[in-house]
């Protein structure tokens, strides 16, 4: 009888609680896409217009089978403390989809699925000129060919070339979903994508969520906020002079837009 009671209790517990990513203090909700990640109390998520890049990012699926970040070769990333949750999107089989590559992948995936093929293009580092998706694939609009185009881009573009393509956002208060924090490094830089934004209902203060890949090439993931765990994975625009993320530090001057 005691065993039956314990089994029943275990089943009830499994039915009552959902797996929660990142922190044990998060509300007990099922997180299956970015827009299902709760906002802090007093904040409302920005409602993106249908069929926009912002809407696409808010509806990106979250990996359910586990909350671990895997590298391109199938091994686990050494640092498993940076991610709040992991985006449900393949990383490929080569060490290509790293920092800026993930930014370009998210943008290109949206444009591809929206059938905005003529808008898919990225500049090469070597000459600063764009390589257009349509010129590469011709009449083959298959997803397989799209992925080959992206590998082609990843091989010859990086943070330096992407930064030159993006337009500076002068005022951090104007941050939007789809914006990018990007630094051109020597030899390495980094870039993260703003995948969601929310506003305080009383003060109008904006908070945002960011996603990254890193080196080696790895699954794209939502970053925790190491400086303010109470609102993690959200970040306030009032971060001072520097934006400290788990694996990189940006400034307000690094914010740019497609």
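Each value in this text was obtained by applying a stated rule to the coordinates, not by laboratory testing. Since the structure is predicted, the reported quantities are computational estimates derived from the model, not experimental observations. Ideal geometry is used to build each Cβ from the backbone, glycine not excepted, and the neighbour counts take in all protein chains shown.
Things worth noting here:
- Reported count of residues in the stretch 83-111, each being under 24 Å from residue 160 (Cα atoms) and surrounded by 14 or more Cβ atoms within 10 Å (Cβ to Cβ), is 19.
- Reported count of residues in the stretch 54-77, each being in contact with a strand residue (DSSP E or B) (Cβ under 9 Å, 6 or more places away or on another chain) and not in a helix (DSSP H, G or I), is 14.
- Single condition residue 178 does not satisfy, out of (1) buried (at least 19 other Cβ atoms within 10 Å of the Cβ); (2) under 19 Å from residue 242 (Cα atoms): (2)
- Residues of the stretch 39-62 that turn out to be buried (at least 19 other Cβ atoms within 10 Å of the Cβ) and over 17 Å from the mean Cα position of the chain (by Cα), as a count: 1
- Yes/no for residue 134 being touching a residue at least 12 places away in the same chain (Cβ under 8 Å) and in contact with a helix residue (DSSP H, G or I) (Cβ under 6 Å, 6 or more places away or on another chain): yes
- Some residue of the stretch 210-223 being more than 14 Å from the chain's Cα centre (by Cα) and under 23 Å from residue 55 (Cβ atoms): no
- Checklist (1) over 29 Å from residue 50 (Cα atoms); (2) surrounded by 15 or more Cβ atoms within 10 Å (Cβ to Cβ); (3) out of contact with any strand residue (DSSP E or B) (no Cβ under 6 Å at 6 or more places or on another chain); (4) touching a residue at least 24 places away in the same chain (Cβ under 8 Å) applied to residue 239, failing item: (4)
- Selection from the stretch 216-230 of residues that are closer than 14 Å to residue 103 by Cβ and in a loop (DSSP other than H, G, I, E, B): 217, 220
- Any hit, the stretch 115-123, residues being within 27 Å of residue 197 (Cα to Cα), in contact with a strand residue (DSSP E or B) (Cβ under 6 Å, 6 or more places away or on another chain) and surrounded by 16 or more Cβ atoms within 10 Å (Cβ to Cβ): yes
- Matching entry among 149, 156 (being over 30 Å from residue 239 (Cβ atoms) and surrounded by 18 or more Cβ atoms within 10 Å (Cβ to Cβ)): 149
- Screening residue 196 against (1) out of contact with any helix residue (DSSP H, G or I) (no Cβ under 7 Å at 6 or more places or on another chain); (2) over 16 Å from residue 99 (Cβ atoms) leaves a single unmet condition, (1).
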